[in-house]
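Okay, structure first, notes after.
The values are calculated or read from the model by the stated rules, or taken from the named source; none is laboratory data. Everything quoted here is computed from the prediction, not taken from an experiment. So basically every Cβ, Gly included, is an ideal-geometry build from the backbone, and we count neighbours across all protein chains shown.
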Amino acid sequence: MATRIAAASILGALCAVAAGAQQKGVDVTSYHFTITIPDTGTSITGHAQVRFRAAAGYDDTLRLDLVGMNVAGVTDQDSRKPVPFSYDGKSIRITAAGLGFHGVVVDYSGSPTDGFFIGTNARGRRSAFADDWPNRARFWLPTIDHPSDKARVAWTVIAPAGWRTVSNAPQCVKAVAVAACTESVQIPTYTMVIGSGEMTVASHRPAIVGHDTIPIEVWAYAEDSAFANDVPFARATEIVETMSRLVGPYPYSKLAHVESSTRYGGMENATAIFYAEDPYVKRTMKEGVVRHETAHQWFGDAVTPREWAHLWLSEGFASYFDLVIGAALSGDSVLVNGMKADKAAWLEANVSNRPMVDIFEKDPNKLLNANVYPKGAWVLHMLREQVGDSAFFRGVRAYYKAYRDTSVVSAQFQEKIEDASGQRLGWFFQQWLYQAGCPKLQVRWTADTAAHTLQLSVQQVQPQAWGRFRLPALTLAFVMPDGRTERRVITVLAQNETVVTLPLPGPGPTDVIVDPDGTLLVVSTVLR
Ligand SMILES: [Zn+2]
């Protein structure tokens with residue numbers, strides 16, 4: 001998601017529910033939710049068909065997360081017979097021993113306290129929108145609510161007359177109950193959504209992705225429709241085509257961009273991206289959030305971090321590909337200026353004491369910080385510099401192709417980049433993912449005009465707890481007395497001080513500029 005406009009509200013609205021973990025030995029393969037949205041009030045009724053695979057020896061109890069609803073009954077999906085269960089208001093425990101079934105139906109009702117919001121939208125009309133990240137699907141959908149257990153989803157939505165409903169599944173957009181229709185690939189529960197209300201729907205030019213044609217729609221409140229189509233979504237099709245060309249085919253069969261009540265600036269629900277309504281109403285919404293959320297369809301939705309600690313595989317990639325797409329469509333300055341802004345944002349955010357892959361932080365909401373967004377983008381940018389454009393994009397494409405529709409950790413990305421580049425990159429991933437902070441360099445030099453040499457000392461003065469960083473190619477620009485600039489590339493070792501002696505053709509430089517092109521996430525001072 002894009003959090004920049006909503007960071008405070010995210011941090012202020014932590015739900016008390018601990019992040020669930022995948023249930024050992026159980027893999028949900030599909031959900032079919034039938035949801036009835038009431039004409040008045042906020043009480044929904046739900047009918048959930050949950051199909052799963054159980055490995056031999058699993059602990060004989062299926063546990064589905066569902067918080068604060070009333071559960072009327074659970075039945076075996078195949079025999080239609082009631083199944084014993086217990087419900088404590090947080091999870092449904094279904095005894096599966098001996099029954100041999102692999103599908104249950106849960107009937108439930110209630111007013112969700114989170115995850116699904118029925119209320120008045122920014123244009124004063126009643127509407128309903130889901131908002132599930134990171135573990136809030138459980139407030140209205142019985143699920144194994146963790147990104148390690150992706151599943152297919154189908155929706156049947158019964159909504160008030162005159163409403164239009166968008167969901168993850170294609171062609172499920174009617175105002176009355178419709179037959180089961182499903183997105184045919186597995187997605188994480190945090191992107192399983194519906195949105196419903198009086199919406200204006202515009203069709204954009206379909207994206208051509210290889211041999212396929214992907215319909216693209218913009219759903220907005222009537223007052224905001226023209227703005228949405230003309231400004232932030234003007235190049236919605238080009239964005240999908242650019243990602244398809246750079247990374248691989250779009251992973252799903254359609255894409256809808258939806259104005260909604262999400263708490264996030266944008267939320268990358270698979271095939272139905274929800275955006276905050278305020279920037280539409282204020283007319284401040286720009287294309288960047290659309291590029292970011294569209295990139296998430298590949299990274300986050302199709303290739304999903306298996307553990308929250310590896311969230312940068314979603315947010316860092318979306319942040320970087322936002323800029324990469326921007327550069328492809330509008331020129332390199334989008335990437336150059338975006339990386340500068342990301343560096344400033346990370347330095348300002350005061351999160352440098354935590355590593356980007358933060359295995360000790362268990363609350364996914366707290367992981368939505370500047371380490372996974374701007375630093376995540378920087379790690380990809382430096383990796384691209386390290387291995388070169390060709391190997392970088394070959395590695396990214398191989399990673400997407402291998403792990404599409406699954407969940408991964410960072411080591412799987414590292415392996416694909418190592419294969420593509422022929423380089424061993426353990427040192428790179430170790431220092432940028434698992435060490436906190438970045439190098440803080442202090443550069444000193446002494447010119448020995450008699451010996452025609454320049455002695456450089458590069459000290460790493462960041463806190464010892466951050467560790468020391470290896471920089472195989474640090475560019476230095478020497479400003480000479482006659483105004484010329486001479487460039488040299490040196491290797492900084494992962495130790496407190498690196499001393500380098502360079503030949504000195506003439507008099508010593510008057511100044512030294514560290515990393516003049518801004519290709520590294522380093523902070524530097526130059527001392528005489
Ligand atoms: Zn994002």
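Below, the figures for the structure above:
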| read-out | value |
| --- | --- |
| Any hit, the range 401-415, residues being surrounded by fewer than 17 Cβ atoms within 10 Å (Cβ to Cβ) and within 29 Å of Arg488 (Cβ to Cβ) | no |
| Given (1) within 19 Å of Ala154 (Cα to Cα); (2) surrounded by 21 or more Cβ atoms within 10 Å (Cβ to Cβ); (3) more than 15 Å from the ligand (Cβ to nearest atom), index of the condition Asn269 fails | (3) |
| Extreme residue, farthest from the ligand (Cβ to nearest atom), among residues of the range 313-356 that are among the hydrophobic types (A, V, I, L, M, F, W, C) and outside any helix (DSSP H, G or I) | Val351 |
| Residue within the range 158-170 that is within 15 Å of Thr34 (Cβ to Cβ), hydroxyl-bearing (Ser, Thr, Tyr) and at pLDDT below 95 present | yes |
| Qualifying residue in the range 358-365 (condition: under 18 Å from the mean Cα position of the chain (by Cα) and of a type in the set (Phe, Trp, Tyr)) | no |
| Residues located in the range 452-472, provided they are hydrophobic (A, V, I, L, M, F, W, C) and in contact (Cβ under 8 Å) with a residue 24 or more places away in the chain | Leu454, Leu456, Val458, Ala465, Trp466, Phe469, Leu471 |
| Residue under evaluation Phe33, criteria (1) buried (at least 21 other Cβ atoms within 10 Å of the Cβ); (2) at pLDDT below 50, criterion not met | (2) |
| Selection count where residues are assigned to a loop (DSSP other than H, G, I, E, B) and out of contact with any Asp or Glu (no Cβ under 8 Å at 6 or more places or on another chain), scope the range 474-504 | 8 |
| Single residue of the range 293-312 satisfying the filter (part of a helix (DSSP H, G or I) and farther than 19 Å from Glu241 by Cβ) that is farthest from the ligand (Cβ to nearest atom) | Ala309 |
| Test: residue in the range 227-234 that is β-branched (Val, Ile, Thr), within 16 Å of the ligand (Cβ to nearest atom) and out of contact with any Gly (no Cβ under 6 Å at 6 or more places or on another chain) | no |
| Which listed residue, of Gly300, Gly248, is on the phi > 0 side of the Ramachandran plot and crowded, with 24+ Cβ neighbours inside 10 Å | Gly300 |
| Residue list for the range 54-72, restricted to those being farther than 22 Å from Asn135 by Cα and of a type outside the set (Gly, Ala, Ser) | Tyr58, Asp59, Asp60 |
| Candidate set: the range 327-361, residues that are among the polar types (S, T, N, Q) and surrounded by fewer than 19 Cβ atoms within 10 Å (Cβ to Cβ); chosen: the one farthest from Cys438 (Cα to Cα) | Ser330 |
| Count of the range 203-240 residues which are under 17 Å from Glu277 (Cα atoms) and aliphatic (A, V, I, L, M) | 6 |
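Residue by residue, here is whether (1) within 16 Å of the ligand (Cβ to nearest atom); (2) out of contact with any Leu (no Cβ under 7 Å at 6 or more places or on another chain); (3) free of Cβ contacts under 8 Å to residues at least 40 places away in the same chain holds:
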| site | (1), (2), (3) |
| --- | --- |
| Ile359 | no, yes, no |
| Lys366 | yes, yes, no |
| Val372 | yes, no, no |
| Gly376 | yes, yes, no |
| Asp389 | no, yes, yes |
| Phe393 | no, no, no |
| Val396 | no, yes, no |
| Tyr399 | no, yes, no |
